Amino acid sequence: MNPAEAKRRRDRLMQFLVPLVLGVAVLGAWEFLVHFYAVRPFVLPAPSRIWAALLADLPSLAASTWVTLSVTMMAFFLALTGGVALAILFTQSRPVEMALFPYAVILQVTPVVAIAPLILIWVGLENITTALLILAWIVAFFPILSNTTLGLRSADHNLLNLFQIYGASRWQVLTQLQLPAALPYLLAGMKISGGLALIGAVVAEFVAGSGTGTGLAWRIVESGNRLNIARMFAALLLLSVMGIVIFFAMSGLQWLLLRKWHESAVRREN
Amino acid sequence: MPRRNVPPDRTRTPVTSPAAKRPLVALEGVSKTYLNGTVALSGVDLAIRRPEFLSLLGPSGCGKSTILRLIAGLGDLTTGRIEWPRATHDHRGRPQRDLGFVFQEPTLMPWRTVFGNVYLPFRLKGVSKREAAPRIMAALERVGLAAFAGAYPRELSGGMKMRVSIARALVTQPSVLLMDEPFAALDEITRHRLNDDLLALWAGQDWTVVFVTHSVYESVYLSDRIIVMAPRPGRIVADIAVDAPYPRGEAFRTSALYNECCRQVSAALRDAMAGHEHEE
Ligand SMILES: Nc1ncnc2c1ncn2[C@@H]1O[C@H](COP(=O)(O)OP(=O)(O)O)[C@@H](O)[C@H]1O
Ligand SMILES: [Mg+2]
């Protein structure tokens, strides 16, 4: 192993080790201080108590995790397909873009909490999952739309000229030039949108209130009402883990698809 | 406008058959005014022959790139005509322009390998990869990059990327290669090597290069005919033949003929600029 390679591995190890050590230290201090000052559990439970609550309620918390996760994933998937399709439509037809883009912006800038009651009434409380899906989708789809539109437009102009010289059809220009050129932008949008889908799902669940009664967000509200702060923390922990998994999944996808050719994914060599 | 005449004693064997005398591309009274009102070209007449190595030389802004783009069918003329007398025409009467284009930047698709980039012209015409592979490899061979077929553009130097761009333009064996200041962004050593390699590719073949440059020396070294242009509005002010045989090498760069041609071309360029100053 050459020295440069050894240094790289050491750097990689440190990247994990440093935050880990910090985390363990904070947890240790938390545990110690809670016991030392005898903080009551409904104010701040010790990490060990949160862990115990997590294990004790695991079956029901896992079910709630699944509900929130499935809403998030579905909203994300719909945001992805809808956003890309709309972006393609925008770049193919200027009038369509002029007509629709302002409304996409309005949808984006209006706080989702404010639209939520309206959506709930329209969709009906008996179709609560559909309502959650719509709300999460509204939050998640704009980054995909705007990034993909930008990406489709960013194709090199001389490459476009070259495609025209060789008599390429619109379909060929789209599939062989504009979409590949848009991929890095789309992936960056997906990274943002994945996190937003989760936020959208949680916010929608809060607003929908007791009507849902099943997702992680509602478990947080419910645990708070019962002053079961340990379970509240446990649910919060599960939400964070979900967010982290989504983030790393997107980063992994980005690396997988771009590592061969895009500067953002290529390791720098000096 | 003073127009230097082409001396009749051209080195190349004179063409005899009437069909061969027809130009490859004929520009007649071509003008181009952009939407913002810029008159990029005004009354350009130019007959491009086959074969020849033709340079378009002039200061920046005189419409060299515009001419190339119009020849390639990118954008409309404001007035005039561009004919391809020897080309077949499609059902709508448009000429089947048979050309390759090399831009100042390599203009490669970063997501495709060298092979995939050179495959592009065939791919867009629906030719299968298997069918095209021998010609792609031959084109890469000609520019000395056969060993890099599987590499991605970002792994190549600037000169190598330019070679890929040339291979892509030549892979369909077009009758004319349009090059817009192709080596201007490269260092001098690489530029000289690519100039020599380009001449080696062209010499003795039956096709045409239209080479845009703003370097007098480069144009004299490469071309057998130089069109000198002046700006505002873009127009042709001189048509100068360089009657030196190919292949040309370092010896040509130090010959009396080379120096004489450079002097002649520089003078034409100076006249063009002087005329321009009077106009302002
Ligand atoms: N797309 C365009 N829109 C408006 N003006 C243009 C455009 N392209 C070129 N021009 C103008 O036309 C003139 C000729 O440009 P160009 O053909 O690029 O010259 P050259 O290649 O000789 O430098 C310049 O004045 C330039 O600013
Ligand atoms: Mg130019």
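What follows draws every value from the coordinates through simple rules; no lab data is involved. Please read these numbers as outputs of a predicted model, since none were measured by experiment. Note that we place each Cβ from the backbone using ideal geometry, even for glycine, and neighbour counts take in every protein chain shown.
Taking the longest Cα principal axis of chain A as reference, the axis of helix A:47-56 is set at about 80 degrees. Between B:A244 and A:V245, the simple label model (points 7 Å from Cα in the Cβ direction) yields a spacing of 7.2 nm.
What translational D, rounded to a whole number of µm²/s, comes out for segment A:42-269 from Stokes-Einstein when the hydrodynamic radius is the Kirkwood one over Cα pairs, at 25 °C and 0.890 mPa s? Roughly 125 µm²/s, to the nearest whole number. Normalised Debye scattering of segment B:206-273 at q = 0.18 Å⁻¹ gives log10 I(q)/I(0) of -0.67, counting only Cα atoms as equal scatterers and leaving out solvent. The relative contact order of chain A, computed from alpha carbon pairs under 8 Å that lie at least 6 residues apart in sequence, is 25 percent. At the listed q of 0.10, 0.16 Å⁻¹, the Debye profile of segment A:1-151, built from one uniform point per Cα, gives log10 I(q)/I(0) equal to -0.71, -0.96. When Rg and Dmax are taken over the Cα atoms of segment B:151-261, they come to 14.9, 44 Å. For chain A, the longest principal axis of the Cα atoms and the long axis of helix A:128-153 meet at an angle of about 40 degrees.
Counting beta carbons within 10 Å around each of A:Y166, B:Y217, A:Y37, B:Y34 and listing the fewest first gives the order A:Y37, B:Y34, B:Y217, A:Y166. So what's segment B:104-173 giving for Rg/Rh, alpha carbon basis, Kirkwood Rh from the mean inverse pair distance? Ratio of gyration radius to Kirkwood radius: 0.92. If you take all other residues with their beta carbon under 15 Å from the beta carbon of B:L35, and give Lys and Arg +1 and Asp and Glu -1, the sum is +1. Relative to the longest principal axis of the Cα atoms of chain A, helix A:179-208 runs at roughly 30 degrees. A Cα-only calculation for chain B places Rg and Dmax at 19.0, 60 Å.
Hey, how much of the P(r) for the protein assembly as shown falls beyond 41 Å, as a percent of Cα pairs? In whole percent, the share of Cα-Cα pairs in the protein assembly as shown beyond 41 Å is 45.
For chain B, the mean residue ellipticity at 222 nm estimated from helices alone is -11000 deg cm²/dmol, where every DSSP H run of n ≥ 4 contributes -39500 (n - 2.57) and the total is divided by all residues, rounded to the nearest 500. Per-residue 3J(HN,Hα) values for segment A:14-21, derived from phi via the Karplus relation 6.51 cos²θ - 1.76 cosθ + 1.60 with θ = phi - 60°, read 4, 4, 7, 5, 4, x, 5, 4 Hz in sequence order (x marks Gly and Pro). Residues whose amide H comes within less than 5 Å of that of B:D239, counting only those at least five positions distant or on another chain, are B:R4, B:V228 (H built at 1.01 Å from N in the peptide plane). Take A:98-110, A:223-235 and order them by the average number of nearby Cβ atoms within 10 Å per residue, most first; the result is A:223-235, A:98-110. Between segment B:101-130 and segment A:3-75, how far is it from one alpha carbon centroid to the other, in angstrom? Spelled out, the Cα-based centre of one part sits 50 Å from the other.
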